[in-house]
Amino acid sequence: MQLHSIIKKKTTIEGKGVLNNRISEHILSNLSQIGIKNHLVKRLNMREQIIKLVEIIPIEFIVRNVATGSITKRLGIEDGTVLKEPLIEYCFKDDKLGDPLISEEHILAFDWASKKEIDKVKKMILRINDFMIGMFRGVGIKLIDFKLEFGRIKIDGINEVILADEISPDTCRLWDSITEKKLDKDRFRKDLGDLIPAYTEVAKRLGILHEQSNVSAVNITKLSSVKRKKK
Ligand code: TMP
């Protein structure tokens, strides 16, 4: 991301945290079941999770299956181009710099992660991507791209790198398989509206919310008295 485009849209959308909390819990629990170690211990309530404390690797790993968003602007690639294979990009986590795109060489040059850690993370990313593509495809959603972060932790005396991030429509691009309707944060980024119905749709299709349930304004008002941790 270029410095001149750092000014970010910010607002609080009631109910988004509740949906993201449930969706992220669902995905991280499923990833645990296929052996992808991650920071989730358990969901505490509607808005909070207990997670493992890690030393975060200061890199955002962007995984792309279809070109859209920043890559299309940066490289002039046509929006919606299906990539031959998943593309992993690295961004240095620094808000003041606008999380600049970097190469693997930068990561090694500045000791942000070791070669062994990067290789491990890349293997995990490809498994996570394969799993999530299948999971979403099964419910009529295309996984376009997403962002992941990883952290270091000692488990039983052994240094490990684990997935340490939420996975939700805030951090993934999700398009309806047939209509290509955006069911993710692009509804906010591009002022498309109907963000909560889109996130609710994702949760319902994943079987997290029952068909008839809705994160209505009434429910949200009640929930907002619970201590908030997540946006
Ligand atoms: P981008 O096209 O804007 O680079 O975004 C790629 C994917 O990464 C998209 O699914 C949104 C996600 N993402 C985040 O979750 N957080 C971020 O800070 C950035 C830059 C992207």
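The values are calculated or read from the model by the stated rules, or taken from the named source; none is laboratory data. All of these numbers come straight from a predicted model, not from anything done at the bench. All Cβ positions, glycine included, derive from the backbone under ideal geometry; neighbour counts span all protein chains shown.
Remarks
- Of all residues in the range 88-97 being among the acidic types (Asp, Glu) and either in contact (Cβ under 8 Å) with a residue 60 or more places away in the chain or surrounded by fewer than 17 Cβ atoms within 10 Å (Cβ to Cβ) (or both), the one that is farthest from the ligand (Cβ to nearest atom): Asp94
- Filter pass, Ile71 being within 16 Å of the ligand (Cβ to nearest atom), surrounded by 17 or more Cβ atoms within 10 Å (Cβ to Cβ) and modelled with pLDDT of 95 or more: yes
- Exclusive hit being at pLDDT 95 or above, in contact with a strand residue (DSSP E or B) (Cβ under 8 Å, 6 or more places away or on another chain) and surrounded by 14 or more Cβ atoms within 10 Å (Cβ to Cβ), set Leu44, Leu31, Leu19: Leu31
- The range 174-198 residues that are without any contact (Cβ under 8 Å) to a residue 40 or more places away in the chain and closer than 14 Å to Gly15 by Cα, paired with ones that are more than 11 Å from the ligand (Cβ to nearest atom) and among the charged types (D, E, K, R) (beta carbon under 6 Å, 6 or more apart): Ala198/Arg187
- Listed by position, the strands (runs of 3 or more DSSP E) enclosed by the range 98-174 that each have at least 1 residues that are away from the ligand (no atom under 16 Å from the Cβ) are 150-155, 158-163.
- Residue match in the range 175-193 (condition: modelled with pLDDT of 95 or more, within 14 Å of the ligand (Cβ to nearest atom), among the aromatic types (Phe, Trp, Tyr) and part of a strand (DSSP E or B)): yes
- Candidate set from the range 28-63 (those that are in a helix (DSSP H, G or I) and touching a residue at least 24 places away in the same chain (Cβ under 8 Å)); member that is nearest to the chain's Cα centre (by Cα): Leu28
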